Structure formats: C-alpha cells, structure tokens
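Report on the following structure.
Read-outs: derived from the displayed coordinates by stated rules, not from any lab. Small disclaimer: the values here were computed from a predicted structure and weren't measured. Positions of Cβ are backbone-derived with ideal geometry, glycine not excepted, and every protein chain shown enters the neighbour counts.
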Amino acid sequence: MGNADLRQLAVIEEVGFDELDGAVAVDAHNWLYKYLTTTVRFTRDDAYTTADGTEVPNLIGVVRGLPKFFENDLTPVFVFDGRVVGLKDEEVESRREEREKREAKLEEAREAGDALEVARLDSQTQRLTDVIHETTRELLRLLDVPMIEAPAEGEAQASHMARTDEDVRYVGSDDYDCLLLGAPLTLRQLTSTGDVERMDFEATLAEHDVTWEQLVDVGILCGTDFNDGLPGYGPKTALKAVKEHGDLWAVLDDEDEYIDDADRIRELFLDPDVTDDYDYDDDVDPDLDAARDYLVDDWGIAADEIERAFERIEESVTQTGLDRWT
DNA sequence: CGGTAAGA
DNA sequence: TCTTACCGG
C-alpha cells in the first residue's frame, strides 16, 4: 500500500544544486509538510506560537526555505491544492480511524502527564491548518514568489506544468506519484541541506522498457493512495506481470482479481484534472520590508529568527536577478 | 516516507 | 530475493 514501492523502479540520480536552473513547480502541500516535520522542531513551540496560541511554524519555515531556491538559480512556483479529489470511502474511513487512534494516544499521554509526548502528537494532528495555508500565501505574495492554484491535486498540476510549460523544468516534490503523473524530472529532498535527488520519468520507462500506461498499471498493482493493490504484489512482481500480460486488465484477468474503480484510478494519473489557465511572473521582486513587518508586527515573530533569511533573499534576488529566463 | 526486522 | 508490517519523524 505504498507509493514508496516505486522507488525501487525509479531512475533517481543525486545532483548538486549547481547543475540545476530554471523554474520548478513546487507541490506546496508536500513542501510545507516536509518543512514543518523536519526543520521545525516540536520541542521549540515557543518560537512558532503566537501569544494567543496560534501555531504558525510555517512563517519561519517558508522564509528560511526560500533562499535555497534563489541562491541556486531556481525559481519556485508554488502550486497549491484545489478541491480534494477521488478519495474512496475506504480511504476516508481509514483516515478517520488513523485520526481517532492518534487522538486516543494523545488523551493517554495527557493523562500520563507526558508533556513532550503531548507536544509531539499535537504537532502531528495539527499540521497544515487553514491558518498555515493562509499565512503562507500572504507571505509568498509579499515576497512576490509565483503561486498557482490547482483545480484539484497540486502534484498533478505541477506535473502537468513540467510536461507542457517549457519554462518549467522540474516538479519539486518528494512524492513518487509524480512519476505516475508523467513529470519529466522531479526534484526530491528540496527541503534538506544535502544533495537533491532528480527522478527521471523517461529514463525510468526506458530502464524497464514499459510505456507510461504500463508504469501506472504497475503502480496500481502495488497500491496507490486510491487503491490497496494486490496481496503479494510489490514492485518486482507487478512489473513482471504487467510486462508479461501487457496491461492491468490482462493481469487482473489472469489472476482472477478485481480492483474497484481501476479505470478511474488510471485516469487520475494519465489524465488528471489540471488547467492551462494560469500565469505567473518569474521576475521576483519581493517587498522585504512589508514581509518583515508582516512576520514581526502581525505575527510577533522574533526579528532575529528571520533576519539572516531575509539577508540571503535580498542578496540572491538582487544579485542574480531571477528574470533571466523570461 | 525511510529504515528495518521478520517471514515467505 | 521479495513482500509485509511497524515505528519514528
């Protein structure tokens, strides 16, 4: 039941930032989530929580995460999710169960007086709140960072842009779904300090001598966000079966198995709900004073927490000028 | 999602 | 060698 199965099939190369340039369509949800779970420490609630208890770890996270793009000649285009798409009842149900399990553990920790565990579980349940989304957008707006609203899933829109928009060279996401969505080059680990992983769609197809449709079929057999996959089918077995029988239907026929809505799931990857009706200006001209005021005056962020990040943004944006691809 | 231990 | 289940982040 994991897309991580696809890692074993994907052609992935480590690349240095100096090998990259151009625009990258960043899956905003994935980037924010990753940033909040890795960089922002739940042990330091104080720095990220306002006087009235609103948690806005994203404000520091976003402003500290941006210089990495600018300093390396990458223009981020943040792609936000639209409406939630296509989740089956089973998936909704299992998420509800997960949430209830977490809440039970949280209650348990509260009763035991385990403050650290409470903070940890708390930060897991909160995560990407409406406030976090709204304030992230406002901050990006002030910093003049390009943003796109996806009609449905952000990673689908980002993958579509990388496939069809000649100015967009990469998708930025850690999600292996991007491979099934046909994103030519996906940059993983953009939030970490080390090297970036570049996942190559065409090279992956060539490596295993399969078509895009067949790769999607392999993914469905292993299991995706939308289905459970066949028991006993991991990446190797699924790939072998699809190549042997040609496509998903032939494999299911041979195994006398059935996957609910398989045709619909296939379409979610091969022909997702995306739009060409977007535009953005990659000539980034941030209003640094306004952004700084927003963080410090409106949200009470300590000025010294963000000063260095602002210096880096100012230097990199004014020095290189991010408009050289227009 | 990554790592890993266990089992088939 | 491959799949699964679990945990910690």
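According to the Cα-based calculation, Rg over Rh for segment A:209-270 is 0.90, with Rh computed by the Kirkwood formula. Here the 3J(HN,Hα) profile of segment A:210-220, calculated from phi with Karplus coefficients 6.51, -1.76 and 1.60 at θ = phi - 60°, is 10, 8, 4, 4, 5, 5, 4, 4, 4, x, 5 Hz, Gly and Pro shown as x.
Tell me, A:CYS222, A:CYS178 in order of fewest to most beta-carbon neighbours within 10 Å?
With the fewest neighbours first, A:CYS222, A:CYS178 line up as A:CYS222, A:CYS178.
Considering the options A:PRO235, A:GLY223, A:ALA250, tell which one lies farthest towards the positive end of the dipole of segment A:209-270, charges being +1 on Lys and Arg and -1 on Asp and Glu at the Cβ, about the Cα centre. Of the options given, the answer is A:PRO235. Bridging of A:LYS68 to lysines at a Cα separation below 19 Å is possible for A:LYS34, once same-chain residues fewer than 8 apart are set aside. A quarter of the convex hull surface defined by the alpha-carbon atoms of chain A gives 17.7 nm² as the mean projection. In this simple spin-label approximation, A:ASP281 and A:GLU13 carry label points 7 Å from Cα along the Cα→Cβ vector, and these lie 3.6 nm apart.
Note down the relative contact order for chain A as a percent, whole number, built from C-alpha pairs under 8 angstrom at least six residues apart.
Details: 495 pairs, mean separation 89.7, N = 326.
It rounds to 28 percent for chain A.
The C-alpha atoms of chain A define a longest principal axis, and helix A:154-164 lies at about 80 degrees to it.
Cβ crowding within 10 Å, taken as a proxy for footprinting-reagent exposure, orders A:TYR258, A:TYR278 from fewest neighbours to most as A:TYR258, A:TYR278. A simple charge model with +1 on the Cβ of Lys and Arg, -1 on the Cβ of Asp and Glu and nothing else charged puts the dipole of chain A at about 900 debye relative to its Cα centre.
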